[in-house]
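Taking it in order: structure first as structure tokens, then the write-up.
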Amino acid sequence: MEQTLVILKPSAIHRGLIGEIINRFQNKGLIITGLKMMQLDETILREHYAHLVEKPFFPSLLESMMAAPVIVMCLEGKDAVETVRLMTGATNGRKALPGTIRGDFSMSGQENIVHASDSVENGKIELARFFKPGEIFNYTPSDLRFYYAPDEN
Ligand code: IDP
Ligand code: MG
């Protein structure tokens, strides 16, 4: 099944929203196959946000992403990348639709609670960036037959 990376950002940690957010993904039926807390540094953030390093807000983004340890997760499911991005909502919390994580928990363009991979290809790259070999697990929930039809693509 498809895998995607989610980061619970320092805004989620400081605001005590970890449980709320993990609950949403579990309730949806996404399978957590990797989960750990880690402190990000400038090196990994410059790689992860390479598309933003020239932006004027980048120094502020760096500081924000290092303001607490984060929680990184590998979530697994059919179309996991697209599903998690839909659950995440638009980048700016004020524009994100109610019902999405950012729409329900954020008022900010920067302090927007979660990161989610934006393509299957980037998902693979990002999981390899944040997880070491052996930190992502392979198991089948005992009730998987109630998550999907047997012939579902
Ligand atoms: P995404 O997180 O929705 O994929 P990206 O454009 O990849 O959005 O930006 C990565 C992160 O950089 C955002 O989640 C947000 O924290 C921050 N960011 C993006 N645009 C802005 C901005 O205009 N001002 C401040 N922070 C921003
Ligand atoms: Mg992005």
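To keep it simple, each residue is scored yes or no on (1) over 25 Å from Y147 (Cα atoms); (2) basic (K, R).
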position	(1), (2)
R24	no, yes
I32	no, no
M38	yes, no
S64	yes, no
V84	no, no
G109	yes, no
Residue ranges of strands (runs of 3 or more DSSP E) in region 20-134 with at least 3 members more than 15 Å from ligand 2 (Cβ to nearest atom) and hydrophobic (A, V, I, L, M, F, W, C)
31-38, 70-77
Answer with yes or no whether I7 is in contact with a Leu (Cβ under 8 Å, 6 or more places away or on another chain), within 24 Å of I136 (Cβ to Cβ) and not in a helix (DSSP H, G or I).
no
So which residues in region 142-151 are at pLDDT below 95, in a loop (DSSP other than H, G, I, E, B) and closer than 19 Å to I31 by Cβ?
S142, D143, P150
Of the residues M87, M66, which is within 22 Å of G29 (Cβ to Cβ) and more than 10 Å from ligand 1 (Cβ to nearest atom)?
M87
Is there any pair linking a residue in region 90-118 that is touching a residue at least 24 places away in the same chain (Cβ under 8 Å) to one that is surrounded by 15 or more Cβ atoms within 10 Å (Cβ to Cβ) and of a type in the set (F, W, Y), with Cβ under 7 Å and at least six apart or on different chains, and which?
I113/F105
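The values are calculated or read from the model by the stated rules, or taken from the named source; none is laboratory data. Predicted model, so just to flag it, every value in this text is computed and none were measured. Counting neighbours? That spans all protein chains shown, and the Cβs are built from the backbone with ideal geometry, glycine included.
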